[in-house]
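A.B. asks: Attaching a single structure in structure tokens format; questions to follow.
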Amino acid sequence: MKLTNRSKVVSNKEMTLAEKIYLPAIFKGMGITFKHAVRTVVKRAPNVYSYPEVQKPRADIWRGQHVLKRDEEGRERCTACGLCAVACPAEAITMTAAERTKEEKNLYREEKYASVYEINMLRCIFLRYVRRGLSEICNLSDRPFGGC
């Protein structure tokens, strides 16, 4: 099955002796490595952070980690409506609803809750489409890894 109409022309020209022993490629790679090493030493390694103490600055479009929102009393806000699973274009969200029992009254604020709520991170495309549309009534929130 062909996905695009693009094709790449491949040449079958004979390689020279230097190309056969990969010398140009090795020198080119070593040159790039040396250039990055010198740049790191001269500029005092600006891209190195002591992670737990100093966090890397994030771009405004960084989407973070999916977490379940909770209300002021610490109960889950999810009502198990399934709108997030329906709205997800990558079909990465799956959930199973269950009825709340009397013993679980302090854990969930609604009668229904999501007993199984999974986000397949391999399928997730982080569109923010689901979170933006359902953030006030539903449970998806973005926050950085390692933060609260």
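A.B. asks: Work out, step by step, the length gained on full extension between ASP71 and TYR22: first 0.36 nm times the residue separation, then minus their alpha carbon distance; give nm to one decimal.
C.D. replies: Length gained, ASP71 through TYR22: 11.5 nm.
A.B. asks: Measure off 7 Å from each Cα along the Cα-to-Cβ vector at ALA98 and VAL54, then give the distance between these two points in nanometres to one decimal.
C.D. replies: The modelled label-to-label distance comes out at 4.6 nm.
A.B. asks: Sorted by mean Cβ packing within 10 Å, highest first, what order do the peptides 73-85, 105-117, 15-27 take?
C.D. replies: Averaged packing, sorted descending, gives the order 73-85, 105-117, 15-27.
A.B. asks: So between ILE125 and SER7, what do we pick up on full extension, going 0.36 nm a residue minus the alpha carbon distance?
C.D. replies: Extra length available between ILE125 and SER7 comes to 39.8 nm.
A.B. asks: Let me ask another. Once you put a point 7 Å from the Cα of ASN106 and another 7 Å from the Cα of MET15, both along the Cβ direction, what distance in nm separates them?
C.D. replies: Placing both labels 7 Å along Cα→Cβ, they lie 7.0 nm apart.
Bear in mind that the values in this text are calculations on the coordinates, not laboratory data. Predicted, not measured: the structure shown is a model, and the values here were computed from it. Heads up, the Cβs are rebuilt from the backbone with ideal geometry, glycines too, and the neighbour counts pull from every protein chain shown.
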